[in-house]
Amino acid sequence: MKADIFVLSAPAGGGKTTIANLLLKEIPDLQRIVTYTTRKPRPGEKNGVDYVFVSKEEFEKLIQENAFLEHAIVHGNYYGTPKREVFELIEKGIDVLLVIDVQGMRQIKSNYKDIISIFLIPPSFDELKLRMKKRGDSEEEIEKRLHTAIKELKAWKEYDFIVINDDIQKAKENTKYIILSNRLKTKRFDISKIEDEKLRNLLK
C-alpha cells in the first residue's frame, strides 16, 4: 500500500500541535515526524517527543549532510524535518504527519508533488493573539509571531485543504476526515485484499 505525506500548518497558536496529538491517538498507521530545532525547550517540552533539540553547530552539520527534507530559520532558530525517518515510514506503508510552517510546506512541495497539505486558520485574529498569550509567550514574541502570522495567512490558497479551528474537536474531526478519505483513493486500493478471486481477477 502506498503511504502519503500529510502536512499540517497553522500560524503560531493556531492549534496544529494539539490537533496533531489528537489525530495520532485516533488514526492507525499515522505517525508524526519530530522536527529538529535549535530553539530552547519551553516548560514541559520533552526532547525527542515535542522536538529534537540540537545546537546550531549540530544542525548546520546535518544540513551539510543533506539530512533534512526541509529546513528553515524561523524567529532566529533553525527548524528541520529529518529525511530518513520520513521515507522509512513511507516504505512500511505508514502515513507521515508533518507539523510544519508555510516555508517548510513550500520546500517539500517543490520536490514532492503528491503531499496532502492542510492549513488550520483561527476563527479571528484576536483569538490567535489570545491563544499566544495563554501559551505564555512574551509580548515581544507575540508581536514577532503575529507579524509572521499575517504573512502565513496569505498563503492559504497554496494548501489543498482549509480547516477553521474555532472548536478543537470539530477541527480535529474535519482534519481526520481529510486523512481517512484520502486512504480511499484509487491509487491506494490494494486488490490483493479482496477475498473473492473472481472479482479480484476482474479488477486486474
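Quick notes on this structure:
- Hits in segment 61-89 - residues which are in a helix (DSSP H, G or I) and free of Cβ contacts under 8 Å to residues at least 12 places away in the same chain: Lys61, Gln64, Phe87, Glu88
- Test: residue in segment 169-177 that is more than 23 Å from Met132 (Cα to Cα) and in contact (Cβ under 8 Å) with a residue 12 or more places away in the chain: yes
- In segment 101-204, counting only helices (runs of 4 or more DSSP H) that sit wholly within it, the ones holding 3 or more residues that are exposed (fewer than 14 other Cβ atoms within 10 Å of the Cβ) and under 18 Å from the mean Cα position of the chain (by Cα) span 168-182.
- Verdict on Lys40 being over 23 Å from Val7 (Cβ atoms) and touching a residue at least 12 places away in the same chain (Cβ under 8 Å): yes
- Note on segment 1-37: among residues that are in contact (Cβ under 8 Å) with a residue 24 or more places away in the chain, charged (D, E, K, R) and out of contact with any Lys or Arg (no Cβ under 7 Å at 6 or more places or on another chain), the one that is farthest from Gly80 (Cα to Cα) is Asp29.
- The set of residues from segment 59-102 being among the aromatic types (Phe, Trp, Tyr) and either touching a helix residue (DSSP H, G or I) at 6+ places or on another chain (Cβ under 8 Å) or at pLDDT below 95 (or both) comprises Phe68, Tyr78, Tyr79, Phe87.
The values are calculated or read from the model by the stated rules, or taken from the named source; none is laboratory data. All values derive from a computational prediction rather than experimental measurement. Neighbour counts are summed over all protein chains in view; Cβ atoms, including those assigned to glycine, are modelled from backbone coordinates with ideal geometry.
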